[in-house]
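The values are calculated or read from the model by the stated rules, or taken from the named source; none is laboratory data. The structure presented is a predicted model; accordingly, all values stated were derived computationally and were not measured. Heads up, the Cβs are rebuilt from the backbone with ideal geometry, glycines too, and the neighbour counts pull from every protein chain shown. Ligands, DNA and RNA are excluded from the accessible area calculation, which covers all protein heavy atoms including side chains. Shrake-Rupley method; radii C 1.70, N 1.55, O 1.52, S 1.80 Å.
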Amino acid sequence: MATTQHSPRGSWNSKLGFVLAAAGSAVGLGNIWGFPTQVADNGGAAFILIYLVCCLLVGFPVMIAELAIGRKTQKNPVGAFKALSNGNKLVPLIGYWGVICGVMILSFYVVISGWTLAYVFEEIFYFLGLEAAAQYVGDLSNGFKNSIFTLFFMLLTILVVTGGVSKGIERATKTLMPVLLAILVILIVYILTLDGAREGVAMYFKPDFSTIDANLLLSALGQAFFSLSLGMGALITYGSYLNKKQNIVESAAYVTIFDIGIAVIAGLLVIPAMFVAQAGGVQIFNPETGALFSSVTLVFDVLPEMFHNVGGIIGLLMGITFFILLGLAALTSSISLLEVPVSYVIDEHGLNRKKSAWLVGGLVGVISVVVSYELYLIDVFVNIFNEIGLPLGGLMICIFLGYFWKTENALLELKDGYKNVENGNFSPLWIILIKYISPILIALVLITTIWSLIT
Ligand code: PHE
């Protein structure tokens, strides 16, 4: 794991340490809150297929690109693009864009993470029969309560980033990820025995291609970037702590596969849970439009229902373990979101780590309090910074790497840790993906979106 001290610059202790940290960044709310909600919102399995295509044809090659840029320059995103810019003034803008996206995404990310903490208490109060208290902490529209939990989560994030990413987190991730997986599987087995679950499974696996439109393409692409932590330099920053022995391509493959796996499994829990809740009388879809009532709060409306149905001490244990683990998964992601602007302030403005973390964290905290009260901002920020911002960042990274820094130089960097990089099928394939396929796909999706917005 990185000792996140700036000087001497930290490095990951082991191959596994890095893969886990990067997987920790990738696996988070994007998988368990974002993915299932997007699947439900976009008509089921057709979304999953497009999502997989986006992850494999765009996400995976861009992840390799980010890690290579980070390891080559050993710098934060702004510093990294400056170092490779040959004096070009436009190139570092890619890094600045990443820093802005990091700040804005984090400011809604911590609000949702705060909800996961609040729901740990909700489950406990419900178990104890304290209905009013349970309702209070479970009320997602209570701005004051949201701000308290949000700021607490922000504080945790700042403390981890201030102290350096400790061995504790590395060890914790190692044991907690398997527990998260086990809990998910147990819950899936349980949910599948309930009325209505079948309908959910059918929606999850039967693609309805008529739902594919420009909007779905953008959502899938944005979701792929968000879930894999791409497009804003988080993995440039994590790559900057990598040593030359690590095989970047192999590590990127593990992280991608792991991230997709957790999302697909989480969907198999949440989508059937929605239909079970619906069979139990909870309104999920608007009968007139067929659209979800509230996509932002879906997971928090549906899953506690299920834990309450299980009831007793088992229901309580399932509920609190689930929300604690979700909170931890969110924390290993939020630290990587904060690490981007913080490493920028340290490297480029000479502040120490502690001051930078408090400064940037404080700024994010202020924005997140506003978001806590005005929840519609979550949708607005998702649209601008996640769905458009991250793919735009990815597009610029592809163009930069393919036509400015050049794939030959990137391959030289990849050679460290992967001696035969030029011999197999990998390098010609990656070059085609990064120079042509990814940027063209991203550009087409962005252009279609902008077009549909203005017409
Ligand atoms: N990948 C994280 C998640 O799925 C979110 C994230 C996005 C983290 C961008 C870092 C950078 O929750």
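Leu93 accessible area, nearest 10 Å², 1.4 Å probe?
Leu93 has an accessible surface of roughly 90 Å² with all protein chains in place.
State which entries of Lys244/Lys355; Lys89/Lys245; Lys15/Lys419; Lys89/Lys406; Lys415/Lys435; Lys75/Lys415 exceed 28 angstrom in Cα-Cα distance in the structure shown.
Flagged as over cut-off: Lys244/Lys355; Lys89/Lys245.
Where does each of His349, His308 land when they are ordered by accessible area, with a 1.4 Å probe and the largest first?
His349, His308
For Lys415, what accessible surface area do you get with a 1.4 Å probe? Give it in Å², rounded to 10.
70 Å²
May I have the pair-distance distribution P(r) for segment 25-169, computed from all Cα-Cα distances with 10 Å bins from 0 and rounded to whole percent?
Answer for segment 25-169: a P(r) of 9, 24, 31, 24, 9, 2, 0 percent.
Do the sum for the chain: with -39,500 (n - 2.57) for every DSSP H run of n ≥ 4, divided by all residues, what is the mean residue ellipticity at 222 nm, to the nearest 500 deg cm²/dmol?
Mean residue ellipticity at 222 nm (helix-derived): -23500 deg cm²/dmol.
Which of the aspartates and glutamates could be linked to Lys354 by a straight reach, that is with a Cα gap under 17 Å, when you skip same-chain ones fewer than 8 residues away?
Result set, ordered by chain and number: Glu339.
Percent of accessible area on segment 15-454 owned by carbon and sulfur, 1.4 Å probe?
The value for segment 15-454 is 68 percent carbon and sulfur by accessible area.
If you roll a 1.4 Å probe over the heavy atoms of the protein chains, what accessible area per residue do you get for the chain, in Å²?
So the chain comes to 39 Å² accessible per residue, rounded to a whole number.
If a/c stays under 1.5 just call it rounded; otherwise compare a/b with b/c (prolate if a/b is bigger, oblate if not). Do that for segment 332-455, with a ≥ b ≥ c from the square roots of the Cα gyration tensor eigenvalues.
oblate
Helix 143-163 versus the longest principal axis of the chain: what is the Cα-based angle in degrees, 0 to 90, to the nearest 10?
40 degrees
Please work out whether segment 179-330 counts as rounded, prolate or oblate from its C-alpha gyration tensor, where a ≥ b ≥ c are the square roots of the eigenvalues and a/c under 1.5 means rounded, while otherwise a/b larger than b/c means prolate and anything else oblate?
oblate
Need one number: nm distance between label points at Leu429 and Glu374, each 7 Å from Cα along Cα→Cβ, rounded to one decimal.
Each label point lies 7 Å from its Cα, and together they span 4.7 nm.
Determine the relative contact order of segment 15-454: mean sequence separation of Cα pairs under 8 Å and six or more apart, normalised by residue count, in whole percent.
35 percent
If I ignore ligands, DNA and RNA and count only protein heavy atoms, how much of Lys435 is accessible to a 1.4 Å probe, in Å² to the nearest 10?
Around 40 Å² of this residue is reachable by solvent.
Please sort 24-34, 75-85 by packing, taking for each peptide the average over its residues of neighbouring beta carbons within 10 angstrom, highest first.
My ranking of the peptides, most packed first, is 24-34, 75-85.
Mind jotting down the distance between the C-alpha centroids of segment 380-432 and segment 304-337, whole Å?
Segment 304-337 and segment 380-432 have Cα centres separated by 35 Å.
Could you state the principal axis extents of the C-alpha atoms in the chain, from the largest down, to the nearest angstrom?
Dimensions of the chain along the principal axes of its Cα atoms: 63, 48, 42 Å.
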